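First up is the structure itself, then whatever we jot down about it.
Each value in this text was obtained by applying a stated rule to the coordinates, not by laboratory testing. The model shown is predicted, which means the values in this text are computed figures rather than measured ones. Cβ: placed from backbone, ideal geometry, glycine included. Neighbour counts: every protein chain shown.
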Amino acid sequence: MVKLETIVIRSTAEFQMIKITEQVRDIIARSGVQNGLAAVISAHTTTGIMINEGLECVETDIEELLERLVPKDMPYAHAHFLPSYGATGSNSPSHLKSMLAGNSCMFVIQNGVMLSGDAQDVYLTEFDGPKGRKVYIQIIGE
Amino acid sequence: MIIDVHTHPIFYKAISEDRDTLDYRKRQFGVFKQSPSPIESTLQEMDYNGVTRSILLPIDLTTQSGGWIVSNDDVKTIVDLAPDRFIGFASVDPYREDALEELDRAFGELGLKGLKLHPSKQKFYPNDEQLKPIYEKCLAYDKPIMFHAGMSWEPDAPSKYSHPLHFEDVAVAYPELRMCLAHFGWPWVKETVMLLLKYPNVFTDTSILHMDNALDFYKQVFKVDMGPLWIERNLNDKVMFGTNGPRFKAKRLLPALQAMDFRPKTLQKILGGNAEVFLGERRNERPWLN
């Protein structure tokens, strides 16, 4: 069995870590799949899907690390007008943070329940907000 | 207070139900890979950037390609959703036989606050005799004009029509007609500066991000192409904050503008005070004559 659901989220800041753990857990629970895998996949190039501990201090450290690794003002090649977009590419740091974060994660489903460690939360990480975002949850199993 | 004097509401969901209409707008404006979003998202983005009000600009292309990049009625629809946040402008294709009637409807019935004209996209020279009745109509209603000036990213929009010098005759003939030559008339920045300097009724806006990132491009235009203190000393009453959204974003342009080391008073004028004068909200003020 394969099931797909889409979560739509509106971010409210340029950088934001939005917990979607409970939404993913609910979608898995009502999918009817007893044993299998759930993939959580972002539809975007300036967001990330992360698993980490859902603590404010951890979120702060992640944000500050990404800021150190990807400074705002560098001679990024992407900073030019893009005819395919009709706009200037002013968001290279957002793309690079997205690359570092990755755009998907997976969970095991056992007996209809998402298996995860006690400390694990799933985040949609926004690097170019505020924006409307979509996350696909694809469930594969039986 | 921040007023964004230059936005094109191409992707506002309330006016994007019809797919063919939306596709036409995208093609004519040359903007892609974006989707309609609800008004709440736009207001949230404005709040995030501290933008109090935005001017919404339509473009009438009736005789050029049989449509609109957002119509006057579309603008009215959006303004009605948040009248305290949006300032609706009208547009009219100067070659329409009923151009003056449409302007009467837009200013009278729809209550729109100014006129958007795009010489390159609508293919007219601003100093053409044919435009006189339109300028006089704006004067009669005391409405300002937002002119596209300089290079346009839109397809089929030759720059020759929007060279800043073509606006000088208009500024001379109609000294009471408030007009904005948008985008600093780039690349003819010095020609635009000359008009700003000489004609009290001529304004410009900051909706330029044609190369580089916003900070680098503003430094180049405002500090190198122009003398580094020209805006501060000579043009502080003539420059208005504008983005040209959805092409360029407030979240990029605003921090760059704020990094230009303008005096707080000058920055305040650029971000909103000059727009109030342009819009006619602060009548009888002619600060540039001090």
Inset, instruction - Calculate the mean, over all residues of peptide A:87-94, of how many other protein chain Cβ atoms lie within 10 angstrom of the residue's Cβ. - result: 6
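Hey, fewest Cβ within 10 Å first, where do B:W186, B:W153 land in order?
Working: B:W186 22, B:W153 17.
Taking fewest neighbouring Cβ atoms as first place, the list is B:W153, B:W186.
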Inset, instruction - Counting helices only, and only those DSSP H runs with n ≥ 4, report the 222 nm mean residue ellipticity of chain B as the sum of -39,500 (n - 2.57) divided by its residues, in deg cm²/dmol to the nearest 500. - result: -9000 deg cm²/dmol
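Can you list the GluC sites (Glu not before Pro) in the stretch B:94-180 that are in a DSSP coil and have 15 or fewer other beta carbons within 10 angstrom?
In loop regions of the stretch B:94-180 (DSSP not H, G, I, E or B), the sparsely surrounded GluC sites (Glu not before Pro) are B:E97, B:E176.
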Inset, instruction - Would you be so kind as to identify all helices of chain A, as entire DSSP H runs, whose Cα atoms reach 18 Å or more along the helix's own axis and whose mean Kyte-Doolittle hydropathy is at least -0.5? - result: A:56-69
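May I ask which of A:K131/B:K123; A:K19/B:K219; A:K72/A:K134; B:K219/B:K269; B:K76/B:K223 have a Cα-Cα span longer than 29 Å here? Each step should come with its number before you reach the end.
Values: A:K131/B:K123 35 Å; A:K19/B:K219 39 Å; A:K72/A:K134 25 Å; B:K219/B:K269 19 Å; B:K76/B:K223 39 Å.
Over 29 Å apart, Cα to Cα: A:K131/B:K123; A:K19/B:K219; B:K76/B:K223.
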Inset, instruction - At 20 Å minimum axial length over the Cα atoms and a Kyte-Doolittle cut of 0.0, report the qualifying DSSP H helices in chain B, or say none. - result: none
Inset, instruction - Enter the mean projected area of the convex hull around the alpha-carbon atoms of chain B, in nm², rounded to one decimal. - result: 13.4 nm²
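Quick check on the exposure proxy: order A:M50, A:M74 from fewest to most C-beta atoms within 10 angstrom. Present the calculation step by step, with values, prior to reporting the outcome.
Values: A:M50 18, A:M74 12.
Taking fewest neighbouring Cβ atoms as first place, the list is A:M74, A:M50.
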Legend entry - Student exercise, the stretch A:100-142 dipole from Lys, Arg, Asp, Glu Cβ charges, in Debye to nearest 20: 200 debye
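For each of B:F217, A:F15, B:F89, count neighbouring Cβ atoms within 10 Å of the residue's Cβ, then give the residues from fewest to most.
Details: B:F217 22, A:F15 18, B:F89 26.
Taking fewest neighbouring Cβ atoms as first place, the list is A:F15, B:F217, B:F89.
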